[in-house]
Amino acid sequence: MTTNTAATAKLTELFAKLDMAQLIEAFEATDSRNDAEVPTVRGWMMDEMERRNPESFEAWMNGEATIPARKYFL
């Protein structure tokens, strides 16, 4: 297993252990970050949100961009 693959597995495992409120808070905490890794990490979080609640995820993706994820999931 490569270092990147191992890191990905650890992070996705971590996200799976968070409850939805914690996951949303972690996602929102990345809003003001400009690190190169942020889009990838947000993608992993979004994958977990979609896995847990595909209907809310779809509504969020099809909704207005100004409406935060918490309005759809919490």
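The values are calculated or read from the model by the stated rules, or taken from the named source; none is laboratory data. Since the model is a prediction, treat every value here as computed from it, not as a measurement. Cβ atoms come from the backbone with ideal geometry, glycine included; neighbour counts cover every protein chain shown.
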- Task: Being more than 15 Å from T8 (Cβ to Cβ) and at pLDDT below 95 is the filter here, so list the residues in region 39-65 that pass it.
- Result: A65
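Tell me yes or no: at least one residue of region 24-33 is farther than 14 Å from F73 by Cα, at pLDDT below 95 and not polar (S, T, N, Q). Don't jump to the end; show me each part of the working.
Filtering region 24-33 down to residues farther than 14 Å from F73 by Cα leaves 29-33.
With the extra rule that they be at pLDDT below 95, the set shrinks to 31-33.
From what's left, not polar (S, T, N, Q): 31, 33.
For region 24-33, residues farther than 14 Å from F73 by Cα, at pLDDT below 95 and not polar (S, T, N, Q): present.
Here are some residues: T2, T12, T66. Which one is touching a helix residue (DSSP H, G or I) at 6+ places or on another chain (Cβ under 7 Å) and among the β-branched types (V, I, T)?
On the way: T2 fails: touching a helix residue (DSSP H, G or I) at 6+ places or on another chain (Cβ under 7 Å); T66 fails: touching a helix residue (DSSP H, G or I) at 6+ places or on another chain (Cβ under 7 Å).
It is T12.
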- Query: Out of region 56-74, which residues are surrounded by 12 or more Cβ atoms within 10 Å (Cβ to Cβ), more than 15 Å from the chain's Cα centre (by Cα) and under 14 Å from E28 (Cβ atoms)?
  - Reply: none
- Message: What pairs come out if I take residues in region 20-49 that are in contact (Cβ under 8 Å) with a residue 12 or more places away in the chain and pair them with residues that are of a type in the set (S, T, N, Q) whose C-beta lies under 6 Å away, six or more apart or interchain?
- Response: R42/T30; W44/T12
